[in-house]
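Chemist: The structure follows.
Readers should treat all values here as calculations from the given coordinates under stated rules, not as data from a laboratory. Owing to the predicted nature of the structure, the values given are computational and were not obtained by experimental measurement. For neighbour counting, all protein chains shown are included, and Cβ atoms are generated from backbone atoms with ideal geometry for every residue, glycine included.
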Amino acid sequence: MPHTNYHSHCNFCDGTDEPRVYAEAALEQGMIAYGFSSHVPMPFFCAWSMKADKLGDYSELIEKLKLEYKGRLQIYRSLEIDYIPGLIGPQTSFIKEINLDYTIGSVHFVDRFDDGRHWEIDGTAAIFEEGLQKIFAGDIQNAVTRYYDLTRMMLREECPDVIGHIDKIKMQNPDNKYFSEDAQWYKGEVIRTLDVVAQTKAIVEVNTRGLYKKKTTEPYPGKWMLSEILKRNIPVMVNSDSHHPKEITGEFEIAFTLLKETGFKTVKSFVDNKWQDFMFDKNGLILPVNA
Ligand SMILES: [Zn+2]
Ligand SMILES: [Zn+2]
C-alpha cells in the first residue's frame with residue numbers, strides 16, 4: 001500500500017544518513033511522497049539542529065533530488081521549526097524567505113534556566129527533572145500547562161501547516177511518573193489546545209516515533225486525544241519523524257489502525273504540491289483509481 005511521510009530528519013541535523021539514502025529507502029518502503037524536515041537552525045547552540053550555514057546546501061540538495069526522483073517519488077522540502085516566542089517560529093523571516101513546500105511547527109523548549117539555557121522537554125529524563133525543579137519549583141501541572149500554552153501561542157501567532165507531536169511532553173511521563181493523563185487539569189489543557197487548533201487550518205500529525213523508540217505506548221497523540229480531534233473535524237496525517245532509513249514507516253500500521261478505530265475516514269497527504277484527503281486502511285493510503 002502506498003505511504004507518505006513528511007516529518008523526517010537526515011544528516012543535515014540529527015539524522016543518520018544523507019538525504020539520498022532516505023529517498024532510496026522511501027521508494028523501497030512503498031512511499032509515493034517524502035518530505036524532508038530537518039530541525040531548523042536555532043539562534044543558540046543546539047546539538048541536534050541544523051547549523052545555520054548549512055541551510056543553503058540543504059535547500060539546494062533537496063531541490064536537486066526532487067528533479068532526480070521525478071516520476072518515481074515526490075520529494076518535498078520543509079523544516080521542523082521550533083517555536084520560542086520572540087526568538088523563532090514558523091513565520092520567522094529567514095524561514096519564509098526560503099519558500100518551503102510546507103511547515104512543521106514543534107515545541108521542544110519551554111522557558112529558560114537562570115543561566116540562560118533553554119529547557120528541552122524532549123531530551124533526557126535528567127534534564128526534564130532539572131527544569132521541572134529549577135524553573136517550575138517541581139510543579140508538574142504548571143510545567144505541562146506552559147507547554148500547551150506555548151503550543152496555543154504558536155497556533156495563534158505563527159500557525160504552521162502541521163503541528164509536530166502535539167503531546168510530546170507525555171514522553172517524560174512513562175507509567176504516569178509525574179501525572180495521570182486522565183486528570184481533569186490535563187484533559188482541560190488538551191481540550192483548550194484542540195479548540196485553538198480547530199480555529200486554524202493546521203493538521204495534527206499522528207507521530208509514531210514514541211512507539212518505535214519504545215518511549216510511549218501510544219503515538220503522539222493517543223486514542224483519547226484523537227477522539228477529541230475527530231469531534232472537532234481537525235485534519236490528521238501519519239508521520240514517522242524518522243531519523244534512520246529503517247524508521248520511515250515505523251509503526252504506521254498501529255497509527256492507521258488507531259485512526260480507523262477512532263472513526264477517521266480520511267488522512268491528509270501533500271501530493272502533487274497540495275494537501276489532499278485520502279481514504280486509508282491499516283496498510284496505508286487508498287489512492288483514487290485514476291491516480
Ligand atoms: Zn520534534
Ligand atoms: Zn522531528
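Chemist: I need the peptides 90-99, 68-77, 156-165, 210-219 ranked by packing, meaning the mean over residues of other C-beta atoms within 10 angstrom, with the highest value on top.
Modeler: Result, highest mean first: 156-165, 210-219, 68-77, 90-99.
Chemist: What per residue convex hull volume, in Å³, comes out for segment 1-62 when only alpha-carbon positions are used?
Modeler: Convex hull volume per residue, Cα atoms: 72 Å³.
Chemist: Taking only C-alpha pairs under 8 Å that are 6+ residues apart, what is the relative contact order of the chain in percent?
Modeler: Computed value for the chain: 18 percent relative contact order.
Chemist: OK, next. Which FRET efficiency value, to the nearest 0.05, do you get for Ala52 and Glu157 by plugging their Cβ-Cβ distance into 1/(1 + (r/R0)^6) with R0 = 25 Å?
Modeler: 0.65
Chemist: Continuing with the same structure: Can you work out the FRET efficiency for the pair Phe44 and Ile98, with r the C-beta to C-beta distance and R0 = 35 Å, to the nearest 0.05?
Modeler: Rounded to the nearest 0.05, the efficiency is 0.95.
Chemist: Moving on to the next point. Kindly list the residues of segment 169-204 that lie in the label zone of Ala137, defined by a backbone N under 16 Å from the point 7 Å along the Cα-to-C-beta vector.
Modeler: Flagged as within label range: none.
Chemist: Here's another thing I want to ask about it. Cα gyration tensor of segment 223-291, axes a ≥ b ≥ c as square roots of the eigenvalues: rounded (a/c below 1.5), prolate (a/b > b/c) or oblate?
Modeler: oblate
Chemist: Here is a follow-up. Projecting each Cα onto the charge dipole of the chain (Lys/Arg +1, Asp/Glu -1 at the beta carbon, about the Cα centre), which of Leu155, Gly284, Pro221 comes out farthest on the positive side?
Modeler: The residue sitting most towards the positive pole is Gly284.
Chemist: Nearest 5 is fine: what % of DSSP beta bridges in segment 191-291 come out antiparallel, could you say?
Modeler: 70
Chemist: So which lysines can Lys134 reach, going by Cα to Cα under 24 Å and dropping same-chain residues fewer than 8 places off?
Modeler: Partners found: Lys168, Lys170, Lys177.
Chemist: Something else about it: Work out, step by step, the length gained on full extension between Trp275 and Lys215: first 0.36 nm times the residue separation, then minus their alpha carbon distance; give nm to one decimal.
Modeler: Length difference between fully extended and current span is 18.6 nm.
Chemist: Then there is this: Could you give the nm distance between label points at Asp115 and Glu60, where each point is 7 Å from its Cα heading toward the beta carbon?
Modeler: 3.8
Chemist: Considering only DSSP beta bridges with both partners in the chain, what is the antiparallel share in %, to the nearest 5?
Modeler: Once the DSSP bridges in the chain are tallied, antiparallel ones form about 35 percent.
Chemist: Hey, another quick one. With n ≥ 4 as the cut-off for DSSP H runs, can you work out [θ] at 222 nm for the chain, using -39500 (n - 2.57) per run divided by the number of residues, rounded to the nearest 500?
Modeler: So the calculated ellipticity at 222 nm is -10000 deg cm²/dmol.
Chemist: Okay, next question. Dividing the alpha-carbon Rg of the chain by 2.2 N^0.38 Å yields what?
Modeler: With N residues counted in the chain, Rg over 2.2 N^0.38 Å equals 0.96.
Chemist: If each residue of separation counts as 0.36 nm, what is the full-extension length gain between Glu68 and Ser227 once their alpha-carbon separation is subtracted?
Modeler: 53.2 nm
Chemist: State the three equivalent ellipsoid semi-axes of segment 36-125, derived from the C-alpha gyration tensor as the square roots of 5 times its eigenvalues, in descending order and whole Å.
Modeler: In descending order, the three semi-axes are 28, 13, 12 Å.
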